[in-house]
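The values are calculated or read from the model by the stated rules, or taken from the named source; none is laboratory data. Since the structure is predicted, the reported quantities are computational estimates derived from the model, not experimental observations. Backbone-built Cβ (ideal geometry, glycine too); neighbour counts: all protein chains shown.
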Amino acid sequence: MTPLPAEIVARRSVSYDALQQDGDDLYWIEGRQEGDVLVHWTPEEGVRVVRVGVASYVHEYGGGAYIAVSGEVWFCDAQTQRVICLGRDGTETPITPATEPADRYADLQLVRDRVVCVRERRAGIDTVNELVSVPADGSGPVEVIASGWDFYAFPRSSPDGRTLTWICWNAPQMPWDGTFLYRADLRTDGTLGAPQYLAGGTEESIFQPEWSPSGVLHFVTDRDGWWNLCSWRGGAAVPVLQGEEEHAVALWEFGYRTYTFLNPGTIAVLAQRGGRTVLRLLQEGRTRPCPDIPFTSIKPYIAGNPMRLAVIGANPKQLPAVHLIDIESGMCEALTAVHRWDDATEPQAWTIISRDGSPLNALVHQPAAGGELPLIVKAHPGPTSCAPLRLDLHTQFFVSRGYCVAEVDYRGSTGYGRAYRQALLGQWGTLDPHDCADIALHLAHEGIADSSRTVIWGASAGGYTALRALQLTDVFTAAIARSPIIDPATWQRTAPKFQAHHSDLLTGDAADPTEITKPVLLLHGEADPVTPVEETIRLSAELKTPHPLVIFKDEGHGLGKQTTIVEALAAELAFLNEPTAS
């Protein structure tokens, strides 16, 4: 197998997100070196850049940063966070005021002649989230239309513009724990009538309320153990598509769309089981044969019109790219560059039984050489996330150099139903490191991995899992932690409001990370707004084992610059080759 050059890993780091349909046109956001770029595709002209610097920072993770309707675009300016209207003639008109500190906006929707969205306002030491409405031409002030809950998402109007629905929830719960679905009459002046509770609660997660073209409200609920699609009819939730699969994802960002309405009576739905996502088509309430498409992973941004569907699709040999799919033939047309690595391994989906008798899942990448190989166990960030079944160049960088890599969907991960997701409550920092250790032990028992050369890697919350694995188990010889959470209690005091109470429900027994006795490589962005770099620097100063520390200037929570990615890969490879780490 040819070693994958670090420069290719770095160069192919453009991301595609926030796909939207506007008539026959498409829009999406590309994460480039120069920032988040809004692009516009038309059948006649192809792709062109609309605006550089389109991003929302609500919850720090953002999302829902623009809405395109009839050739006009309302978007969040990445620098000022003001909402700006981009006219058909290219004129930019700010419609929200400049504030200090900057108000932030997300989940933009055009409702009649007003923009309805989520606003995040910092007031002293407090951060307040509300639903607001503002004239689409900027001719009036921003008006609060719903408040009192800690968080809001998915403001969506009925086709006639007379009703608004949304979800809301309070800390310490996260949106995948429990949310409430409300509706209210939407008056002509943009204000709301009395809110009416429809569904959800502290034990039920509601996702993506959306209205069909005929005015029927749909949403996803996990009340039966899996996130399944239903509709609201006769004052009750009626199943539309049910099964042991997920029709929603963890709401880390605004603007996700896992289903969309195509021609009358047809709905396209993303269905996830583990790391694999497939496309399902419903016609008049029944599942119809779906064309074979070459994707095993589809991002939760789908858009469509009566005859075609737009997706951001990938597979184990191909990075995510924007594609058009003919829903009758299944023919795919790539609208962006398709980057492949044909030498990439096809991972195997493993399910083993953990030490406490529960099923445990992982994607295992084995180099062709076979035998007892050095092993890297990867703990995904989140922690409510999963390892998608698609090309990961970071993983292939090491697989192509003879490492076996296991991407562990420890308990708490999405893609396996509510019970699996909720299993981590009160066990974070205890259950997840042991789950990672159990996968490593199983691979060693099967003769696949060399137990004397087994390293755990994690980023963000996965970095916390990696550090805890060194504290609680004797399975790993070293750990690599990118932008890690060091101590949940300390992190809670500095984390964004959205996540500040996440650890309240999750965290189990705590321990002093300075007592780690195995080598650790620490990497962190200097400008990280989510996990403060100061905590990593403090840990580095107190560790008594080998612990190289790399701080990347002008980098945030993720490492996005090409030079940074190359440097990080070089540091990780050098650390793995050190005798103390193996």
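Things worth noting here:
- Number of the exception - GLN81 against (1) assigned to a loop (DSSP other than H, G, I, E, B); (2) within 18 Å of ALA184 (Cβ to Cβ); (3) touching a strand residue (DSSP E or B) at 6+ places or on another chain (Cβ under 8 Å); (4) not small (Gly, Ala, Ser): (2)
Each row is one residue, and each column tells you yes or no for (1) β-branched (Val, Ile, Thr); (2) closer than 19 Å to ILE480 by Cα; (3) touching a Lys or Arg at 6+ places or on another chain (Cβ under 6 Å); (4) at pLDDT below 95.
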| residue | (1), (2), (3), (4) |
| --- | --- |
| ASP356 | no, no, no, yes |
| GLY371 | no, no, no, yes |
| ALA379 | no, yes, no, no |
| GLY382 | no, yes, no, yes |
| LEU389 | no, no, yes, no |
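- Some residue of the stretch 539-554 being closer than 22 Å to SER56 by Cα and not assigned by TED's automatic domain parsing to the domain that holds ARG121: yes
- Scanning the stretch 338-368 for residues that are among the aliphatic types (A, V, I, L, M) and free of Cβ contacts under 8 Å to residues at least 60 places away in the same chain, we see that the one that is surrounded by the fewest Cβ atoms within 10 Å (Cβ to Cβ) is ILE353.
- Qualifying residue in the stretch 31-41 (condition: out of contact with any strand residue (DSSP E or B) (no Cβ under 7 Å at 6 or more places or on another chain), assigned to a loop (DSSP other than H, G, I, E, B) and under 17 Å from LYS299 (Cβ atoms)): no
- Scope the stretch 217-259; condition of a type in the set (Ser, Thr, Tyr), touching a Leu at 6+ places or on another chain (Cβ under 9 Å) and closer than 28 Å to ALA55 by Cα; matching residues: THR258, TYR259
- In the stretch 92-114, the residues that are in contact (Cβ under 8 Å) with a residue 40 or more places away in the chain reach residues that are assigned to a strand (DSSP E or B) and of a type in the set (Ser, Thr, Tyr) with C-beta atoms within less than 6 angstrom, at least six apart or across chains, in these pairs: VAL111/SER157; ARG114/SER133.
- Counting only strands (runs of 3 or more DSSP E) that sit completely within the stretch 346-396, those holding 1 or more residues that are of a type in the set (Lys, Arg) and in the same structural domain as THR414 (by TED's automatic domain parsing) correspond to 373-379.
- From the options TRP176, TRP166, residue that is surrounded by 21 or more Cβ atoms within 10 Å (Cβ to Cβ) and out of contact with any strand residue (DSSP E or B) (no Cβ under 8 Å at 6 or more places or on another chain): TRP176
- For the stretch 21-47, the candidate set comprises residues that are loosely packed, with under 15 Cβ neighbours inside 10 Å and acidic (Asp, Glu); within that set, the residue that is modelled with the lowest pLDDT is GLU34.
- Hits in the stretch 1-18 (condition: outside any helix (DSSP H, G or I), touching a Leu at 6+ places or on another chain (Cβ under 7 Å) and crowded, with 20+ Cβ neighbours inside 10 Å): LEU4
- Out of ALA423, ALA500, sole residue that is over 28 Å from ASN129 (Cβ atoms), in contact with a helix residue (DSSP H, G or I) (Cβ under 8 Å, 6 or more places away or on another chain) and either of a type in the set (D, E, K, R) or not assigned by TED's automatic domain parsing to the domain that holds THR179 (or both): ALA423
- Checked against the criterion of being of a type in the set (Val, Ile, Thr), touching a strand residue (DSSP E or B) at 6+ places or on another chain (Cβ under 6 Å) and over 30 Å from VAL49 (Cα atoms), the stretch 140-162 contains one or more residues that satisfy it.
- Strands (runs of 3 or more DSSP E) contained entirely in the stretch 177-292, each with at least 3 residues that are in contact with a Gly (Cβ under 8 Å, 6 or more places away or on another chain) and either among the aliphatic types (A, V, I, L, M) or modelled with pLDDT of 95 or more (or both): 180-185, 266-273
- Of the residues making up the stretch 86-95, just one is touching a Cys at 6+ places or on another chain (Cβ under 9 Å), part of a loop (DSSP other than H, G, I, E, B) and not hydrophobic (A, V, I, L, M, F, W, C), namely THR91.
- Which numbered condition TYR61 misses (of (1) of a type outside the set (Lys, Arg); (2) crowded, with 23+ Cβ neighbours inside 10 Å; (3) modelled with pLDDT under 95): (2)
- Residue ID - nearest to ASP432 (Cα to Cα), chosen from residues in the stretch 497-537 that are within 29 Å of the chain's Cα centre (by Cα) and among the charged types (D, E, K, R): ASP509
- Taken over the stretch 482-522, the residue count meeting the criterion of being part of a helix (DSSP H, G or I), surrounded by 17 or more Cβ atoms within 10 Å (Cβ to Cβ) and among the basic types (Lys, Arg) is 1.
- From the list GLY200, GLY193, the lone residue that is among the small types (Gly, Ala, Ser) and crowded, with 17+ Cβ neighbours inside 10 Å is GLY200.
- Subset of the stretch 433-457 (residues that are in contact with a Lys or Arg (Cβ under 7 Å, 6 or more places away or on another chain) and either closer than 13 Å to HIS380 by Cα or at pLDDT below 95 (or both)): PRO433, ASP435, TRP457
- Answer residue from the stretch 542-568, given it is touching a Ser or Thr at 6+ places or on another chain (Cβ under 6 Å) and not in a loop (DSSP other than H, G, I, E, B) and is nearest to ILE480 (Cα to Cα) among those: LEU549
- Every residue from the stretch 450-474 that is surrounded by fewer than 24 Cβ atoms within 10 Å (Cβ to Cβ), part of a helix (DSSP H, G or I) and either in contact with a helix residue (DSSP H, G or I) (Cβ under 6 Å, 6 or more places away or on another chain) or not assigned by TED's automatic domain parsing to the domain that holds HIS394 (or both): LEU472
- A Cβ distance below 6 Å, combined with a sequence gap of six or more or placement on separate chains, defines the contacts here; from the stretch 251-263, residues that are among the charged types (D, E, K, R) reach residues that are assigned to a loop (DSSP other than H, G, I, E, B) in the pairs GLU253/TYR61; ARG257/ILE302.
- Residue match in the stretch 545-554 (condition: modelled with pLDDT under 95, over 30 Å from LEU425 (Cα atoms), of a type in the set (S, T, N, Q) and surrounded by 19 or more Cβ atoms within 10 Å (Cβ to Cβ)): no
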